[in-house]
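The values are calculated or read from the model by the stated rules, or taken from the named source; none is laboratory data. Note that the structure is a prediction, hence the values are computed from the model and not measured. With ideal geometry, Cβ positions are generated from the backbone for all residues, glycine too; neighbour counts draw on all protein chains shown. Each accessible area value is taken on the protein alone, full model and side chains, heavy atoms only, with ligands, DNA and RNA left out. Shrake-Rupley method; radii C 1.70, N 1.55, O 1.52, S 1.80 Å.
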Amino acid sequence: MIKEISNEELGKLVRLIHRQYGYDFSDYARSSLKRRFQRFMDHASMEEITELSDRLLQDVTFFEHMAQFITVNVTEMFLDPLFYKTLREQVLPRLATYPTIKIWHAGCATGEEVFSMAILLEEAGLLERSRIYATDLNTVSLRKAEKARIPLKCMKDYAQNYLLSGGVEDFSNYYTTDNEHAVIQEALRRNILFFQHNLVTDQVFNEFQLICCRNVFLYFNRLLQDRVLRLFYDSLDPLGYLALGLKESMMFSEENIRFDSISPVHKIFRRKS
Amino acid sequence: MIAIGGSAGSLAVLAELLEQLPISIDCTMMIIVHRLRNVPSDLDRLLSLKAPIIEPEDKQPVLRRRIYLAPQNYHLLIEDDGTFSLDYSEPLHYSRPSIDVSFTSVAAAYGPRAAGILLSGASKDGAAGIQQIIAAGGAGIVQDPATALFDTMPQAALDRCPAAQPMNITEMIHFLTELKMSAEHDS
């Protein structure tokens, strides 16, 4: 049976990682962070938390392996298809009024949602004048995203999502296949830039008309959510859009007065100017 | 906190449980059922015949006398500060929401004030979770495999933790009603 990590043990572990490696997990949501650590210990066949701390103190490669494991990199193309349909119908026509469209995918994992956005922009004739900045904390995920290789077995589900999102083209035109993988067409990726950005410590780096940060807030506590909402506010054009995950809410944050809710169901917000 | 987990063959049992329970039951209920992804679901409405069922959002406070349903495509956890926390990490036992994830979180947050009920299902999800609830001093109830449409899930839980109590629906309702009385007695 997996032993429960206490709050005290979690605190020690988080401080150790911060001190030793500079990554600050202190304002992550505790329940899921504990669960990630527990899963990692299980995966590394470790029973005692002291074993984990000892190893972390002396083994950088081990830390990197753990960081990859505990940060969540789950994603899919056209995740929540009706969200993408709403983007197509309500947001893209507004974005079309800007000479250059700048979009930030914060917490992009391996890029599946970024490629979905590129497809949407391409179909709206906007990709040429768009710049998509896709960032994540996890550099291993970013390297995967740059290769744009997606397991072929996922593509059937993604094609279905694409159709539900209002797509009418032949989805298979957007990728080539290479053994077990689908490779997203290079032309679709021409205006995407992947790089590392840590929402906990890094600052504003540009001004955007749309920020997508879906299923990332879940892992933060309210304090950190508020801080990142301020970062997003400062990174948005007046009247710029912010999209969160379907079950993420601003209802419990004091920052909500600075945003209008455009689609309560699909969690699309707009910065008040 | 009463946490109920179910998979294949559990909906009818769940509906009956909710139907038969006294409306005044003074605790929080949390339901985790395996559901299809990316398909609009009426489950909350189906189960809402008597009392409204809430699909919580991240950081929503956990309130008494409410029935919560784990949303499709997310694991549902509880923080020490009495709020829900959602998690979009890998499915467990091919399931998201996973019963094990929620039960384990309930065990940590509520200890002896938790009861876990595991219904019919064709996977092994929930067994480890029931074990955690019992180890933390809570009650572990399993639908009697003989009465379950799919016995894999309840049987896996009984095999894994002999301290779990097998019950049929009538016994479960009786147990929950008693639980309610003792909760009232405490407060």
Q.
Testing A:GLY166 on (1) of a type in the set (Gly, Ala, Ser); (2) farther than 27 Å from A:ILE70 by Cα; (3) within 14 Å of chain B (Cβ to nearest Cβ); (4) in contact (Cβ under 8 Å) with a residue 40 or more places away in the chain, one condition comes back false. Which one is that?
A. (3)
(Q) Considering only residues that are within 8 Å of another protein chain (Cβ to nearest Cβ) and more than 20 Å from A:LEU10 (Cβ to Cβ), which ones fall in segment B:74-105? (A) B:TYR74, B:TYR88, B:GLU90
Q.
Among the residues of segment B:118-168, what is the count of those that are more than 10 Å from B:ILE99 (Cβ to Cβ), assigned to a strand (DSSP E or B) and in contact (Cβ under 8 Å) with a residue 60 or more places away in the chain?
A. 1
Q: Return the pairs, sorted by first residue and then second, in which the second residue is of a type in the set (Gly, Ala, Ser) and modelled with pLDDT of 70 or more, the first residue lies in segment B:42-55 and is assigned to a helix (DSSP H, G or I), the beta carbons are less than 7 Å apart, and the residues are 6+ apart or on different chains.
A: B:LEU47/B:ALA15
Q: Report, by residue number, each residue of segment A:260-269 that is within 14 Å of chain B (Cβ to nearest Cβ) and open to solvent by 60 Å² or more (accessible area, probe 1.4 Å).
A: A:SER261, A:PRO264, A:VAL265
**Q.** Test: residue in segment A:66-88 that is loosely packed, with under 15 Cβ neighbours inside 10 Å and more than 14 Å from chain B (Cβ to nearest Cβ)
**A.** no
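So that you can scan it fast, the table gives a plain yes or no per residue for (1) on the phi < 0 side of the Ramachandran plot; (2) in contact with a strand residue (DSSP E or B) (Cβ under 8 Å, 6 or more places away or on another chain); (3) part of a helix (DSSP H, G or I); (4) open to solvent by less than 40 Å² (accessible area, probe 1.4 Å):
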{"site": "A:SER141", "(1), (2), (3), (4)": "yes, no, yes, yes"}
{"site": "A:LYS144", "(1), (2), (3), (4)": "yes, no, yes, no"}
{"site": "A:ILE150", "(1), (2), (3), (4)": "yes, yes, no, yes"}
{"site": "A:ASP157", "(1), (2), (3), (4)": "yes, no, yes, no"}
{"site": "A:GLN160", "(1), (2), (3), (4)": "yes, no, yes, no"}
Q | Qualifying positions in segment A:42-56 - under 21 Å from B:LEU92 (Cβ atoms) and not hydrophobic (A, V, I, L, M, F, W, C) | A | A:ASP42, A:HIS43, A:SER45, A:GLU47
**Q.** Pairs with Cβ under 6 Å, 6+ apart, first in segment A:180-202 and closer than 15 Å to A:THR139 by Cβ, second surrounded by fewer than 17 Cβ atoms within 10 Å (Cβ to Cβ)
**A.** A:PHE194/A:GLU146; A:GLN196/A:THR139
**Q.** Count - residues of segment A:229-259 that are within 14 Å of chain B (Cβ to nearest Cβ), within 18 Å of the chain's Cα centre (by Cα) and open to solvent by 20 Å² or more (accessible area, probe 1.4 Å)
**A.** 2
Q) What tally of residues in segment A:32-45 results from selecting those that are farther than 16 Å from B:GLY129 by Cα and open to solvent by 20 Å² or more (accessible area, probe 1.4 Å)? A) 3
